[in-house]
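Nothing in this text is a laboratory measurement; each read-out follows from the coordinates by a stated rule. Remember, it's a predicted structure, so these values are computed and weren't measured experimentally. As a convention, Cβ positions derive from the backbone with ideal geometry for all residues, glycine included, and neighbour counts pool all protein chains shown.
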Amino acid sequence: MPENNKLPKKPSVASKWLIFTSIPFQMGATIYVFFRIGGWLDKKYLIYDDWGTKSVTLLGIFLAMYQVISQVNKLNKNG
């Protein structure tokens, strides 16, 4: 009896379109959350010249870019 090996479904064109249009909103939300965390750190620890906001926001930008690159790589791998 042959085994039923199920391969992962390839995303349809509409699904790919939806994924690519949601990426900017996901990036914006990630960067905004890290910006707010940095602002909170500046106020709580009285960090000079807003370095908490700047550094944590930069970390958020790198994280958002990592998320985008990994999503695109996964999408290309699946079809």
Problem - Zone of Gln26's modelled label, taken as backbone nitrogen in the stretch 58-79 under 19 Å from a point 7 Å along Cα→Cβ - result: 59-79
Fill in the blank from the handout: Out of Lys44, Lys54, Lys16, a Gaussian network model of the chain with alpha-carbon springs under 10 Å gives the largest mean-square fluctuation to Lys44
Problem - Relative contact order computed over the stretch 19-78 (Cα-Cα under 8 Å; 6+ residues apart), in percent - result: 37 percent
Practice task
Count the lysine pairs in the chain whose Cα atoms lie under 23 Å apart, taking only pairs 8 or more positions apart in sequence or on different chains.
Solution key: 11
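Can you give the helix-only mean residue ellipticity at 222 nm for the chain, where every DSSP H stretch with n ≥ 4 adds -39500 (n - 2.57) and the sum goes over all residues, rounded to the nearest 500 deg cm²/dmol?
-28000 deg cm²/dmol
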Fill in the blank from the handout: Each label sits 7 Å from Cα toward the beta-carbon; between Lys16 and Ile47 the label points are separated, in nm, by 4.0 nm
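Could you calculate the FRET efficiency of Ile37 with Leu75 from 1/(1 + (r/R0)^6), where r is the beta carbon distance between them and R0 is 25 Å, rounded to 0.05? Don't skip to the answer; put the middle values down first.
Values: r = 29 Å, r/R0 = 1.15.
The calculated FRET efficiency here is 0.30.
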